[in-house]
Amino acid sequence: ASGGEDKTVRIWRAADGTLLRTLTAHALNVWSVAFSPDGRFLASGSFDKTAKLWRVDTGELVRTFSGHKEAIVELAFSPDSQLLATGGDDSTVRLWRVEDGGLVRTLTGGSEHVYAVAFSPDGRFLASGSRERGALGTLWKQIAGERLSPRQGANIRLWQVSDGSLQQALTGHPGDVHSVAFSPDGGWLAVSGEDTSVSLWRLAVDANAAYHLTETR
């Protein structure tokens, strides 16, 4: 599945590249797409501030998720296909019920733009990557021919899905974080940013039975 600046979502057959169908309903650029793990649905996120849910087998538009105040940049389904997480330029992550489109909760933690979201394989945690308030990101200033470093703030967050509580806010990369991904066993989180590096974090439990991320390399 692909989304583009032509406002469409397209579904292709991976075996030979055949275009199976084109989905049209978004009013602006489509920046993210994701299949539900059960294979029934495809979700798309757009600069029109909405996410849309489509049936894969027919291309039917099932529902529209509305509530973000700015563009939706990234989205992800929970492992059981029951929840959809959306991250946007309005500084929030939102959790939606796939069944009826209801908003479960809104997660806020100080970030300026949320660029990445990912569920842990067991569905207990959600990781997010962002640009922090005041960070220069890719907007470098040149003074006397020298490049300034961006302000480095917390731009990796670990949330508990059951109640939306923020478990941890971490600083792992200068500037923006654009991608987060859990390992299949859920023990590791990989994070990449505009600083051209990838950091690996171990999800561990402490003496108080609280889960936290520890950077390893």
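The values are calculated or read from the model by the stated rules, or taken from the named source; none is laboratory data. Please read these numbers as outputs of a predicted model, since none were measured by experiment. All Cβ positions, glycine included, derive from the backbone under ideal geometry; neighbour counts span all protein chains shown. Please note that ligands, DNA and RNA were not included when accessible areas were found on the heavy atoms of the full protein model with its side chains. Shrake-Rupley method; radii C 1.70, N 1.55, O 1.52, S 1.80 Å.
Structure notes:
- Whole-Hz couplings from phi, Karplus 6.51/-1.76/1.60, listed for region 13-22; x for Gly and Pro: 7, 5, 4, 9, x, 5, 6, 8, 6, 10
- Set of aspartates and glutamates with alpha-carbon distance to LYS52 below 19 Å, sequence-local pairs under 8 removed: GLU5, ASP6, ASP38, GLU60, GLU70, GLU74, ASP80, ASP89, ASP90, GLU99, ASP100
- Inter-label distance, ASP195 to ASP100: 4.5 nm, where each label sits 7 Å from its Cα along the C-beta direction.
- Rough spin-label spacing in nm, given labels placed 7 Å along Cα→Cβ, for SER66 and ARG40: 2.5
- Cα shape, region 52-96, gyration tensor, a/c 1.5 rule: oblate
- Local charge for VAL9 was computed over the other residues whose Cβ lies under 14 Å away, with Lys and Arg +1 and Asp and Glu -1, and equals +1.
- Note that region 32-40 has calculated 3J(HN,Hα) couplings of 8, 9, 7, 7, 6, x, 7, x, 7 Hz, one per residue in order, obtained from phi through the Karplus relation 6.51 cos²θ - 1.76 cosθ + 1.60 (θ = phi - 60°); glycine and proline are x.
- Approximating the spin labels as points 7 Å out from Cα along Cα→Cβ, the THR214-to-GLN167 distance works out to 1.5 nm.
- Counting only heavy atoms of the protein chains and using a 1.4 Å probe, LYS52 has close to 20 Å² of accessible surface.
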